[in-house]
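Only the coordinates and a few stated rules stand behind these numbers; no lab work does. Note that this is a predicted model, so its numbers are computed, not measured. Cβ sites come from the backbone with ideal geometry, for glycine too, and all protein chains shown count toward neighbours.
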Amino acid sequence: MAGRSKLLWVSQSPAPDNVLQAARDAWELTPYSPDGPLCPQLSGVGLAVVYPDGQKEDPRWLPTLLAALDDSPTVAVVLLPETADAAWSALCRRGGQFLCVRADAPAEVLAGRFAAAEALQPALASLRAELAAARRTAAGATRAFEDMTEEMRLAARLQRDFLPRRLPEVGSARFGVLYRPVSWVSGDIYDVARLDETHVGFYVADAVGHGMPAALLTMFIKKALQTKRIVGNTYQIVPPHVSLCELNADICEQNLSSCQFCTAVYCVLDTASLILTYARAGHPEPILIHKDGTAEMLLAQGSLLGVFPGEQYESQQAKLRPGDRLLVYTDGVEAALCGVGRGVEEFMKVVAPLVAAPREEMLLRLTSWIDGRGQVSADDITVIVMDV
């Protein structure tokens, strides 16, 4: 018996002559114990030969056998009578770590199948080890993904905490906002703030790209953009061009390794005189829509923020009238409504039918239009609507 591999005979019947002859030279045939579970008995054997005999049509033996094989590294040779149609059909459909052979096959055929099954054992053991390693890796990756998802969820909540919880009402100015990050966090940021009893300041900024790097830059913008200064016992509202100039200097001084930059529009409205003072830094021009439906772009010179140290920006003014509406938005809106590279003219064609609608209705219809295009937005979307 020395040097022989162990063969586990799984049957309630004695091994027939063809099995005994096939196993005679290379195998030590050991009957299994029907009083104990099969799976532990499969451990450590080189091969299992399963002969259902009187159980061949019993619906219970096959699931039990397959479950035991799945939990063990053992390859089995299953001997089936030609008439065991249900078992043949089930095993052939399923596949697995077993070979099906006719129970009356000659001894030399069985010996060849035994050798083939034994040869499968190392490959099967290697595959099982690889599968176990893959499962461990997948479990670790799943945990890491869940942790990252939770971190991103918290980051998104934190970023939203930096946005105004309630839009102020200053004089005759009323505001509405559409804000839709393309992922958990956004590269867009906006703010609307009462500066004093008659002045309200508001801006939209768009950091290049989106995701976490852009979102971190928006947090810097939020804290660095100066809108008002205390001077002695009074205060001074910072002109928009000065705010952008100082913000540009602050970003350039950081010397960001990823060469991040951003665009922005900052506006200050005097609600007593309805004079709008604004400055622009590489951002889409605000659109002023008059009560009669005519529209104009508010132009102002100014390059990107965070690119050229010492860059100067200019403030421009526009006289508003009751019934006017101002749109300040990021370029993600143009892309979502019209497609990339279509420009402000195409954007206005889409927006024109909506400008007469109440402010919140307009924003809802813009949202519906974006969703109705059936395309996943590739950029963050922010729109501030101000009505006089």
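At-a-glance table
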read-out	value
Interchain or long-range residues, amide H under 5 Å from Val75's placed H	Ala48
Positive-end residue of Cys262, His210, Ala356, charge dipole of the chain with Cβ unit charges	Ala356
Amide H within-cut-off set for Ser5, under 5 Å, with H built and near neighbours excluded	Glu28
More than 13 angstrom apart: percent of Cα pairs within the stretch 233-289	68
Using θ = phi - 60° and Karplus 6.51 cos²θ - 1.76 cosθ + 1.60, couplings along the stretch 114-130 (whole Hz; Gly, Pro as x)	4, 5, 5, 5, 5, 5, 6, 4, x, 4, 5, 4, 5, 5, 5, 5, 5
Longest segment of the chain lacking trypsin sites (Lys or Arg not before Pro) that sit in a DSSP loop with at most 16 other Cβ atoms within 10 Å	167-290
Three-way shape label, the stretch 289-360, alpha-carbon gyration tensor, a/c 1.5	oblate
Sites excluded, GluC sites (Glu not before Pro) in DSSP loops with at most 11 other C-beta within 10 Å, longest stretch of the chain	198-388
Mean separation of Cα contacts under 8 Å (6+ apart) over length of the stretch 5-131, as relative contact order %	26
Euclidean distance between Cα centres, the stretch 287-329 to the stretch 145-165, Å	31
Whether the stretch 152-278 is rounded, prolate or oblate, judged on the alpha carbon gyration tensor where a/c under 1.5 counts as rounded	oblate
Cα shape, the chain, gyration tensor, a/c 1.5 rule	prolate
Under the Karplus curve 6.51 cos²θ - 1.76 cosθ + 1.60, θ = phi - 60°, whole-Hz ³J(HN,Hα) for the stretch 196-211, x wherever Gly or Pro sits	7, 5, 10, 10, 10, x, 8, 8, 10, 10, 9, 6, 4, x, 8, x
Nearest-20 debye value, the stretch 264-374 charge dipole, Cβ charges on Lys, Arg, Asp, Glu	220
From phi via Karplus (6.51, -1.76, 1.60), per-residue ³J(HN,Hα) for the stretch 233-247 in Hz, x at Gly/Pro	9, 10, 9, 9, 7, 6, x, x, 5, 5, 4, 5, 4, 5, 5
